[in-house]
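Engineer: Here it is, the structure, as structure tokens.
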Amino acid sequence: MEIDRAIKGSEDTRLKTKYDNAIYVIQRALALYKFEEVAFSFNGGKDSTVLLHLLRAGYYLHKKKPDGSSGTPKNYDEKFPLRTIYFESPSAFPEINSFTYEAAETYGLQIEVIRLDFKSGLESLIKEKPTAAIFLGTRIGDPNAVGQEQFSPSSPGWPPFMRVNPILDWSYRDVWAFLLTCQVPYCSLYDQGYTSIGSIYDTVPNALLCIDDSSSSKENFKPAYKLIDGRLERAGRAKKCYPSACGDGSVISNGLTGVDSHQTGTLTASIISVGDEILFGTVEDQVGPSLCKKLHSIGWAVSRTAVVRNDIDSVAEEVERQKSSADMVFLFGGVGSLHSDVSMAGIAKAFGVRTAPDEEFEEYLRHLTGDQCTGDRNEMAQLPEGITELLHHEMLPVPLIKCQNVIILSATNVDELDKQWDCLIGSESSSSQLKLMAPFLSKHLSTALADVKIAQFVSQLCLEFPDIRIGCYRKSRMGPQIVSFVGKDHARMELAVKALRQKFHPEAFSDISRG
Ligand SMILES: Cc1cc2nc3c(=O)[nH]c(=O)nc-3n(C[C@H](O)[C@H](O)[C@H](O)COP(=O)(O)O)c2cc1C
Ligand SMILES: Nc1ncnc2c1ncn2[C@@H]1O[C@H](COP(=O)(O)OP(=O)(O)OP(=O)(O)O)[C@@H](O)[C@H]1O
Ligand SMILES: [Mg+2]
């Protein structure tokens, strides 16, 4: 069987391991379910093309097994009898459509074309023909892979079947290593810079593959297999950016959070520090307060800071609460390979996913520390599966980790934080994660007036100026009261200050903003 031969003859040990695991999953599924109740969901994309050939190899090897009743299929190359479903849509690229039909012809697939949306299509499919399991080319990193395993029952609300994902743990690199090693045909769009293909309305070639050629009037792109950073494979899929972190929910073409120094409005951040030592009072947290200042300086409002114990449930509980109420959550502490380093496990629990080894991150750690870990693997490379993005920057020896809207900082002191912060906001880097918002303005007025004298009026002022944060604090019990005004609109701030001053004696408040 040519696929099996090509992989066995290759020197790529990682690809061989991935191949063996995928074949194992396929054979398990073929042993578990009746052959006529299994289907392959094929759409001509690169992942499903990989799966097509793995299934051909898996089917061949399954039949070849000593205990297989029917022996090796004779006319194997012509016949691949697995039921194949294709959801055809008018918004599919014509190249994808024709490749799907050509592949069906070449490999003798019995294609069942469905012209309904996925859910309704699967409902009617299952009504017509019992279908217990469906093979999919879903991979970790696909938005819909979160929480999935190699065998995952369909989601609640979907018709019942087992989703079988033999290439769930394959990376972008693995997919291309397989297609190129086996020299199988793939859809021509991948040679024109497309790296992941959705509909004609939401997919463009990946800008990271654009060839810089000013002499040509037309943009040219390198083939998909030239993309170095596989996590950016969906950069050509025009997707809405994280709605709340963008503020305006605007559509951006590359899926990364853009940086715009003139954004108005406010985004909120919350900060979680993980450390028993801070709670014991043994160590003073300096990273948290410094981060507050930094966020404030780029116009972000910090809505909460919390210190939690080095304990999975404490981290999970806090992350779960903050991830939905803040635009971005920053977490530091509890990151490493010691027993107390539970932050990653806590974050995974908050998102309802498991942790799994991240090969790329492991590679970075290996460069940094060599092969010093005592166990089988470096525990630090166990990251929440399917939701993790590595934020690279040339100044960072190891990328920062981001799980959806939670950024994990490895800084343990202010100097390290300064460096990581610069990388996060550095506009020249693709890792720019934080929009620079219009800065906050502040005014501080000092008064010797007693609290009871000003209390009622300040409360009233807060109601009149909900857009200005009006606070009162003192540096000592006997010292003056300081009233602070923080906001983004200069005119509104001045109006609030004037309203306070007018209510009392002209000398009652002195401006100490610059003091
Ligand atoms: C055969 C099949 C089964 C699916 N089962 C589920 C499911 O159980 N739950 C779900 O939320 N989505 C399911 N989907 C939808 C996929 O999660 C996803 O939306 C689809 O593959 C499109 O991916 P894309 O947005 O990356 O193009 C299924 C899709 C297919 C083709
Ligand atoms: N229209 C469809 N018909 C049948 N199966 C589909 C369809 N769309 C998606 N699938 C299934 O979902 C899987 C994941 O889709 P996805 O778009 O992520 O991968 P792909 O199309 O194979 O590759 P690419 O990421 O390059 O687009 C596919 O491999 C296929 O099994
Ligand atoms: Mg696709």
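Engineer: Counting only residues that are assigned to a loop (DSSP other than H, G, I, E, B) and surrounded by fewer than 13 Cβ atoms within 10 Å (Cβ to Cβ), which one in the stretch 204-218 is farthest from the chain's Cα centre (by Cα)?
Structural biologist: 215
Yes/no matrix, rows are residues, columns are (1) out of contact with any Pro (no Cβ under 8 Å at 6 or more places or on another chain); (2) modelled with pLDDT of 95 or more; (3) in a helix (DSSP H, G or I):
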| site | (1), (2), (3) |
| --- | --- |
| 260 | yes, no, no |
| 268 | yes, no, no |
| 296 | yes, no, yes |
| 306 | yes, yes, no |
| 318 | yes, yes, yes |
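Engineer: Every residue in the stretch 24-59 that is open to solvent by 10 Å² or more (accessible area, probe 1.4 Å) and more than 16 Å from ligand 2 (Cβ to nearest atom), please.
Structural biologist: Within the stretch 24-59, 24, 27, 28, 30, 31, 32, 33, 34, 35, 36, 37, 59 qualify.
Engineer: Confirm whether residue 126 is more than 28 Å from residue 203 (Cβ to Cβ) and either within 13 Å of ligand 2 (Cβ to nearest atom) or not in a loop (DSSP other than H, G, I, E, B) (or both).
Structural biologist: So residue 126 fits the description; yes.
Engineer: Among 172, 201, which is the only one that is in contact (Cβ under 8 Å) with a residue 60 or more places away in the chain, open to solvent by less than 20 Å² (accessible area, probe 1.4 Å) and either within 16 Å of ligand 3 (Cβ to nearest atom) or under 19 Å from residue 82 (Cβ atoms) (or both)?
Structural biologist: Working: 201 fails: open to solvent by less than 20 Å² (accessible area, probe 1.4 Å).
That would be 172, the only listed residue that is in contact (Cβ under 8 Å) with a residue 60 or more places away in the chain, open to solvent by less than 20 Å² (accessible area, probe 1.4 Å) and either within 16 Å of ligand 3 (Cβ to nearest atom) or under 19 Å from residue 82 (Cβ atoms) (or both).
Engineer: Check residue 133 against each of (1) more than 7 Å from ligand 1 (Cβ to nearest atom); (2) at pLDDT 95 or above; (3) more than 22 Å from residue 23 (Cβ to Cβ) and name the one condition it does not meet.
Structural biologist: For residue 133, the exception is condition (3).
Engineer: If you take the residues of the stretch 118-164 that are more than 21 Å from residue 174 (Cβ to Cβ) and charged (D, E, K, R), which of them is most open to solvent (accessible area, probe 1.4 Å)?
Structural biologist: By that ranking, first place goes to 127.
Engineer: Let me ask something else. Looking only at the stretch 176-197, how many residues end up being open to solvent by 20 Å² or more (accessible area, probe 1.4 Å) and within 16 Å of ligand 1 (Cβ to nearest atom)?
Structural biologist: Total meeting the criteria: 2.
Engineer: Further, regarding this structure: Just to be sure before I move on: is residue 189 within 16 Å of ligand 3 (Cβ to nearest atom) and farther than 24 Å from residue 357 by Cα in the structure I sent?
Structural biologist: Values: within 16 Å of ligand 3 (Cβ to nearest atom): yes; farther than 24 Å from residue 357 by Cα: yes.
For residue 189, the condition - within 16 Å of ligand 3 (Cβ to nearest atom) and farther than 24 Å from residue 357 by Cα - is met.
The values are calculated or read from the model by the stated rules, or taken from the named source; none is laboratory data. Everything numeric in this text was worked out from a predicted model, so none of it was measured. Cβ sites come from the backbone with ideal geometry, for glycine too, and all protein chains shown count toward neighbours. What goes into the accessible areas is simple: the full protein's heavy atoms, side chains included, and nothing from ligands, DNA or RNA. Shrake-Rupley method; radii C 1.70, N 1.55, O 1.52, S 1.80 Å.
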